[in-house]
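The values are calculated or read from the model by the stated rules, or taken from the named source; none is laboratory data. As the structure is a prediction and not an experimental result, all values here were calculated from the model. Ideal geometry is used to build each Cβ from the backbone, glycine not excepted, and the neighbour counts take in all protein chains shown.
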């Protein structure tokens with residue numbers, strides 16, 4: 001990761017204010033920033049984000065940079081959708097979050113989702129024709145939405161007009177961060 005320079009690249013991470021899996025937000029955010037990318041974290045409100053570890057134990061508190069409703073997709077090169085059961089189930093019901101993921105996909109910009117994060121793509125009807133992975137409990141949802149679910153640590157799919165990088169759990173973060181970095185490095189930096 002250290003050899004990839006992401007200077008000039010901008011990443012938008014979207015989460016709720018409670019229930020995001022700590023490492024699925026914190027690890028990619030830190031790694032991408034360390035490689036030179038600007039990462040903006042958008043939550044549903046400006047209150048601190050209360051992360052969880054294993055969906056139950058308190059994790060780090062993270063201060064959001066903006067709100068999902070105020071985020072403008074056009075200024076970013078990649079959308080990061082962390083998981084956590086509570087976070088993912090709540091964010092997929094947020095119309096602004098659905099609009100953001102749709103804007104990224106329809107404009108051909110990459111989306112990276114881990115664990116339960118792909119629920120947002122199911123909600124936005126963006127998995128049809130895509131091969132992806134997720135936390136295993138989403139298998140039926142992905143298949144019912146027209147996607148092909150596979151059990152691998154990371155899957156990068158470039159079909160259907162946009163790059164989608166997905167992983168199963170925090171155990172896959174090394175592979176996930178590597179593939180997110182590759183997808184981001186392949187993009188020209190945004191002009192904003």
The range 90-112 - residue that is farther than 21 Å from residue 155 by Cα and touching a residue at least 40 places away in the same chain (Cβ under 8 Å) and, of those, surrounded by the fewest Cβ atoms within 10 Å (Cβ to Cβ): 94
Cross-chain or 6+ apart pairs with Cβ under 6 Å, the range 31-52 first and in contact (Cβ under 8 Å) with a residue 40 or more places away in the chain, then in a helix (DSSP H, G or I): 31/177; 39/29; 39/32; 39/33
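Would it be correct to say that residue 59 is over 26 Å from residue 107 (Cβ atoms) and in contact with a helix residue (DSSP H, G or I) (Cβ under 6 Å, 6 or more places away or on another chain)?
Answer is yes for this residue.
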Residues that are more than 17 Å from residue 184 (Cβ to Cβ), assigned to a helix (DSSP H, G or I) and touching a helix residue (DSSP H, G or I) at 6+ places or on another chain (Cβ under 8 Å), drawn from the range 104-121: 118, 119, 120, 121
Count - residues of the range 59-103 that are assigned to a loop (DSSP other than H, G, I, E, B) and within 14 Å of the chain's Cα centre (by Cα): 7
Residues being part of a helix (DSSP H, G or I), crowded, with 17+ Cβ neighbours inside 10 Å and in contact with a strand residue (DSSP E or B) (Cβ under 9 Å, 6 or more places away or on another chain) - total across the range 122-140: 1
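To keep it simple, each residue is scored yes or no on (1) buried (at least 22 other Cβ atoms within 10 Å of the Cβ); (2) within 16 Å of residue 64 (Cβ to Cβ).
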residue: 16; (1), (2): yes, yes
residue: 20; (1), (2): yes, yes
residue: 29; (1), (2): no, yes
residue: 35; (1), (2): no, no
residue: 40; (1), (2): no, yes
Inter-residue pairs, beta-carbon under 9 Å, first more than 12 Å from residue 158 (Cα to Cα) and in the range 124-142, second part of a loop (DSSP other than H, G, I, E, B) and modelled with pLDDT under 95, 6+ apart: 126/160; 128/160
Which numbered condition residue 178 fails, given (1) over 12 Å from the mean Cα position of the chain (by Cα); (2) buried (at least 21 other Cβ atoms within 10 Å of the Cβ); (3) in contact (Cβ under 8 Å) with a residue 60 or more places away in the chain: (2)
Verdict on residue 155 being touching a residue at least 12 places away in the same chain (Cβ under 8 Å) and farther than 24 Å from residue 59 by Cβ: yes
Scan of the range 10-26 for residues that are touching a strand residue (DSSP E or B) at 6+ places or on another chain (Cβ under 7 Å) and either assigned to a helix (DSSP H, G or I) or without any contact (Cβ under 8 Å) to a residue 12 or more places away in the chain (or both), ordered by number: 22, 24, 25, 26
